[in-house]
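The values are calculated or read from the model by the stated rules, or taken from the named source; none is laboratory data. What you are looking at is a predicted structure, and each value in this text was computed from that prediction instead of being measured. Here the Cβ positions follow ideal geometry from the backbone for every residue, glycine too, while neighbour counts run over all protein chains shown. What goes into the accessible areas is simple: the full protein's heavy atoms, side chains included, and nothing from ligands, DNA or RNA. Shrake-Rupley method; radii C 1.70, N 1.55, O 1.52, S 1.80 Å.
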Amino acid sequence: MKTLRHNNSGWRTYQKQLKREARRKYVLKNLPAWALYAGGISLGLVLMLSLTAWIAGHFSQAGFSPSDLETRTNIVFDETPTPDPKKLLEELRFATVPVKAHFMLERGEARLFIDSSLDSELQSYILRLLRRSKTLQAAVVVLQPEDGRVVAMANYQEEGDVENLCIKAGFPAASIFKIVSAAAALESAGFSPEKPVFFQGRRYTLYKQQLKQIVNKYTNETSFEKAFALSINPVFGKLGIYELGQELMAEYADRFLFNQDIPFDFPVAKSIIEIPNEGFGLAEIASGFNKKTVISPLHAAMLASVVANNGIMMAPWLIERISNETGEFLYERRPTRLTSPVTPETAEALKVLMRATIVHGTCRKTFRSLRGKKALKHVEFGAKTGTINDITGQVKFDWFAGYALPQNGLKAISVAVLGVHGEKLGLRSSQLGRYIIQHYLKS
């Protein structure tokens, strides 16, 4: 009997072939499903990464505001810089282009559409007023202290408009510089409005014998408040020599932007002051009794604005927006805090001095009718005046720098008026200032 033997090695090989064949069939059968599944996963990953990037960018922008630039200086924006209005308006001249609330300027083949900050009605009123002022020259600047907005800027010349006097600094500052001297005295020399002060001789002269530190039967006593209100030169002359000195005078002149460029939409001439170190020269500077300290009407309005705005000087501006023919904004103004020459406490003390000018000082008669109106009883007025002749003695420069602070929601204004008179005096600057303030409050 024969015995059958199996070939074990052949059987194992056969089984391996069967398994390989089964795996091949399984892969071929499921390959389309696997490809579709892998594609879905890849697409999902791409969408998820894109969504994550969008959310991060969205929330980083939503949580950031322009004010954060002050504290987050490490953040850099790739933005086109705002065009400089001085370059955009380099061809603009007030003498040749009527500056209104809205106007168009042609520069070559391009046209710019300009929105200014001017109050057209107030601007027109002031221009009519200056034409009737009987002055040789006159200039007026009206601005809002809280944001620096120039609401009126007008000038007049008897022989025709030649240049913009409002930004020209060729006029002696006279006694309106006493605002700066008083600020230094109140903040750094221990003065107060009630402080007794003494002088000899007449109020509006300044002789060397009037500057001696003596008290006798010829000595007049008054308060610092009244000395400011009545613009008593010997008091401020002695203040410059014995209390302030060259260093302190230079510091406060610098604080109020003398000898510095004033940022504005058009070039402004520097207000110049030279402070000597000798006695009588300091007396002349502190009292404004000199012809070398010069100032522009725009700068004069800014001096008054510091008092009205609690010691803060805002950068003045006139151009609000500039757009092209397609409506694209090329420039848009944002109010800017320029400097703080004095503390709020000093500004309050200066208000006392400038109110005194209206109540019993050099503006008393001019503003009496305005102060007596019931409708204006809640309006606070303040001012400083100044008058000085030129070198020849034939031309008189006449200043008014003041403010009105309404309590009825109307914006406060500071006003600077310059009148240049010849042989015959025209309307005084304090009168022009009163008319302008009264018109503004009525409107």
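Here the mean projected area of the convex hull built on the C-alpha positions of segment 313-443 is 12.0 nm².
Placing a pseudo-label 7 Å from each Cα along the Cα-to-Cβ vector at R202 and E345 gives an inter-label distance of 4.0 nm.
Rounding to the nearest 20 debye, state how big the charge dipole of segment 161-209 is about its Cα centre with +1 on each Lys and Arg Cβ and -1 on each Asp and Glu Cβ.
With only Lys, Arg, Asp and Glu charged at Cβ, the dipole is about 340 debye.
Within the accessible surface of segment 174-273, defined with a 1.4 Å probe on protein heavy atoms only, the carbon and sulfur portion equals 49 percent. Accessible area ranking (1.4 Å probe, heavy atoms, ligands and nucleic acids excluded), largest first, for F264, F329: F329, F264.
Figure the gain on full extension for E247 and K442 (residue separation times 0.36 nm, minus the Cα-Cα span) and round it to one decimal in nm.
Between E247 and K442, full extension yields an extra 65.7 nm.
Across segment 220-312, Cα-Cα pairs farther apart than 22 Å form 33% of the total. Per residue, segment 174-317 exposes 39 Å² of solvent-accessible protein surface, assessed with a 1.4 angstrom probe and all protein chains in place. Rolling a 1.4 Å probe over the protein chains gives E380 an accessible area of about 40 Å². Note on W399: accessible area is roughly 0 Å² with a 1.4 Å probe, heavy atoms of protein only. In the structure shown, do any of K365/K424; K195/K291; K195/K374; K291/K411 have a Cα-Cα gap over 25 Å, and if so which? Result: K195/K291; K195/K374; K291/K411 exceed 25 Å. Summary value for segment 114-217: 18 percent relative contact order, contacts being C-alpha pairs under 8 angstrom separated by 6+ residues. With labels modelled as points extended 7 Å from the Cα through the Cβ direction, what inter-label distance (nm, one decimal) is found for N389 paired with R334? The two pseudo-label positions are separated by 5.2 nm. The length gained on full extension between N259 and L425, counted as 0.36 nm times the residue separation minus their Cα-Cα distance, comes to 56.7 nm. Estimated at the nearest 10 Å², the accessible area of K291 is 90 Å² with a 1.4 Å probe.
Here the calculated FRET efficiency for N324 and F280, from their Cβ-Cβ distance with R0 = 60 Å, stands at 0.55, rounded to the nearest 0.05. Sorting I126, I391, I275 on solvent-accessible area from highest to lowest, probe radius 1.4 Å, gives I391, I275, I126. Heavy-atom accessible area, probed at 1.4 angstrom with all protein chains present, ranks F228, F198 as F198, F228, highest first. Computing the accessible area with a 1.4 Å probe over protein heavy atoms, can you report the carbon and sulfur percentage for segment 306-414? Carbon and sulfur together cover 48 percent of it.
At q = 0.22, 0.27 Å⁻¹ the log10 of I(q)/I(0) for segment 134-215 amounts to -1.13, -1.37, computed by Debye summation with a single uniform scatterer per C-alpha, solvent ignored.
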